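Derivation of every value follows stated rules applied to the coordinates shown; laboratory data play no part. Keep in mind that this is a model prediction, so the values were computed, not measured. When we count neighbours, we look across all protein chains shown, and the Cβ atoms used for this are built from the backbone with ideal geometry, even at glycine.
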Amino acid sequence: MNKIRKDYDLSTVRHSAAHIMAAAVKNLYPEAKFDIGPATADGFYYDFDLPQRLTADDLPEIEKEMKKLCRTRAPFIRLIETRVDAEARLRDEGQTYKLERLADIGEGEEISFYECAGFTDLCRGPHVEHSGEVKAFKLLSVAGSYYRGDERNPMLQRIYGTAFTDRAELAEHLQRVAEAKRRDHRRLGRELDLFSVSEAVGPGLICWHPKGARIRHLIESFWREAHYDNGYELLYTPHVGRANLWQTSGHLQFYRDAMYAPMQIDDNDYFVKPMNCPFHIEVYKTARRSYRELPMRWAELGTVYRYEKGGVLHGLLRVRGFTQDDAHIICTPEQVEEEIAEVLRFSLNMWRDFGFAEVKAYLATRPAKAVGESERWQQGLDSLRKAVAGEGLDCEVDEGGGAFYGPKIDLKIKDALGREWQTTTIQFDFNLPERFDMTYVGRDGESHRPYMIHRALLGSLERFFGILTEHYAGAFPLWLAPEQVRILPVGENYLEYGKKIASQLKKSKIRVIVDPEADTVGAKIRRARNARIPYMAVVGAREQEAGSLAVRSRAEGELGSCSPEEFAQRLLSEIEAKK
């Protein structure tokens, strides 16, 4: 039988699989020391301190041992112990990491162990009845992991795996994993020559190559024009600011660990910016503002720098220097509802233009500790709820999950693999306007505190680019493709004709390259396919004589012959439609 009891929660199955994996590791590596082995959203992992470095080649042997233990149908036995006995057990076994984890259990709390297949682990449970009920599992990878996530602690070895209630579900998951690897933006970044991360430059700092930079330029140009069309003005602000700016904003008190060390300029401390907000506020404060000027919608593609631990850096998705598509809306109380509705509409339109159709909203409400008047919180929440309802979005509410300074909406998009990515944030801020004493003169001639809304649509260009690359598997739509057309002469005699066609297309602002290599047409087509070029145009004797070109589409295959003018018109129509 492939299936196990359906009344088990999937996390229980996965947690049990983690214990069985630890038992297998103990059998194969008796000197192993153990840390934790929880279930995760996609599977499970366990952290080990081992006498030798594991590689992916070691996983089949561990998996084989796990299957052997599963066949024994060894029961999971729960053991309750006193703190004294638990400490003695772990000390006798030399399990120093577990001893520290034991200290995390509060006085008076129950201390339980689970034993299965000769392995006993400090654990709250629950687990399946016996090892034979864990049938559908697979070990996926091994990686380094700092103990307790602190890079000052020892580096452990983390083995990742996954488990499901039946083998069919496991097979489907493994297929998705394989497809995710094929789409991995780090691999595609190398293959398509889009970007790189250099140890010489520093981890988490991205170098954009010409093709990646071209796509980024297209994204930024579209973003800027869309913002102008939607009533925004653009700002540019410095990369560094004096310490007193960050003192006023509260970053030095509450965000210092994520900021880089200060630099001394004219006997003053300066910090590279982790956020753009204080600069926008300082621009606002350069003049006395009136209600007649509001709302102000100010946006910036501002590069910020945040210290991320080395263990969490991940290609473009987690970096140390990134460009936020930041904006701040400063408005009166009467304008809040309309502004929130408009920014949500704007965001959804932008996601549709980039090819993401499935969007879900997550609304976070007031936490126990918060700043700002309750009336403002209520108005902010009401405007967020009404905007979501107006767009007909599926919405999940996180009661009490908001930041201390204001309620927010996060939007999550689904990519081609059905994975959710958190992207857009629309966040009220009742804190910074107070800290910076932001005011405007109202209709009554008195000073009033404006509403301030932080807003990022794409999040950061780096992370968005990584998501976009994986969504399209590197086959970017025509309007974003760094190279839209590759002309393939069938021989050297037709190279000049190919260059002539390219020159004609370039006059229409079409990005085109001629393949000059002395290869067969088949080899040139394969090279263009591997580069994910949207269109190829073959030119030979027949095309030169007719003044035409034989067009091949990445999506549709052979399209036949047409004139350069007809081809250009087809391309321009697709570009205009964001295809």
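Roughly how many Å is it from the Cα centre of the range 323-344 to that of the range 515-576, as a whole number? What the calculation gives is 45 Å, centre to centre.
Cβ-to-Cβ counts within 10 Å put 254, 430, 404, 44 in ascending order as 254, 404, 430, 44, the fewest first.
The orientation-averaged shadow of the Cα convex hull for the range 377-439, equal to a quarter of the hull surface, comes to 5.5 nm². Of all DSSP bridge pairs formed entirely within the chain, close to 85 percent run antiparallel. Find which of 19, 164, 84 sits farthest along the positive direction of the dipole of the range 10-183, computed with +1 on the beta-carbon of Lys and Arg, -1 on that of Asp and Glu, about the Cα centre. Farthest along the dipole direction, towards plus: 164.
Give the distance, in whole Å, between the Cα centre of the range 229-280 and the Cα centre of the range 449-498. First find each Cα centre; the distance between them is then 31 Å. Sorting 412-419, 337-344, 291-298 by their mean Cβ neighbour count within 10 Å, with the most densely packed peptide first, gives 337-344, 291-298, 412-419. Only helices enter this figure: runs of n ≥ 4 DSSP H residues, each worth -39500 (n - 2.57), summed and divided by the residues of the chain, yield -11000 deg cm²/dmol at 222 nm to the nearest 500. The Kirkwood radius of the chain, taken over pairs of alpha-carbon atoms, gives through the Stokes-Einstein law at 20 °C and 1.002 mPa s a diffusion coefficient of 76 µm² s⁻¹. Both numbers refer to the Cα atoms of the range 238-368; Rg and Dmax are 17.7, 52 Å.
What is the range 398-487 by shape, rounded, prolate or oblate, if you read a ≥ b ≥ c off the alpha carbon gyration tensor as root eigenvalues and call it rounded for a/c under 1.5, prolate for a/b larger than b/c, and oblate otherwise? Prolate, because a/c is 1.5 or more and a/b exceeds b/c.
For the range 1-109, the square roots of the Cα gyration tensor eigenvalues, ordered a ≥ b ≥ c, give a/c of at least 1.5 with a/b no greater than b/c, which places it in the oblate category. Working ranking of peptides 257-267, 323-333 by packing, defined as the average number of other Cβ atoms within 10 Å per residue, highest first, is 323-333, 257-267. The mean sequence separation of alpha-carbon pairs under 8 Å and at least six residues apart, normalised by the residue count of the chain, gives a relative contact order of 10 percent.
With 26 Å as the limit, the listed pairs 414/578; 506/578; 135/181; 211/412 have 211/412 beyond it between alpha carbons. Sorted fewest first by neighbouring Cβ atoms within 10 angstrom, 207, 116 come out as 207, 116.
Packing, taken as the mean count of other beta carbons within 10 Å per residue, orders the peptides 27-33, 468-474 from highest to lowest as 468-474, 27-33. In whole percents, the pair-distance distribution calculated for the range 485-576 from its alpha-carbon pairs, binned every 5 Å from zero, is 3, 15, 28, 28, 19, 6, 1. When the P(r) of the range 10-183 is calculated, the portion above 24 Å amounts to 35% of the C-alpha pairs.
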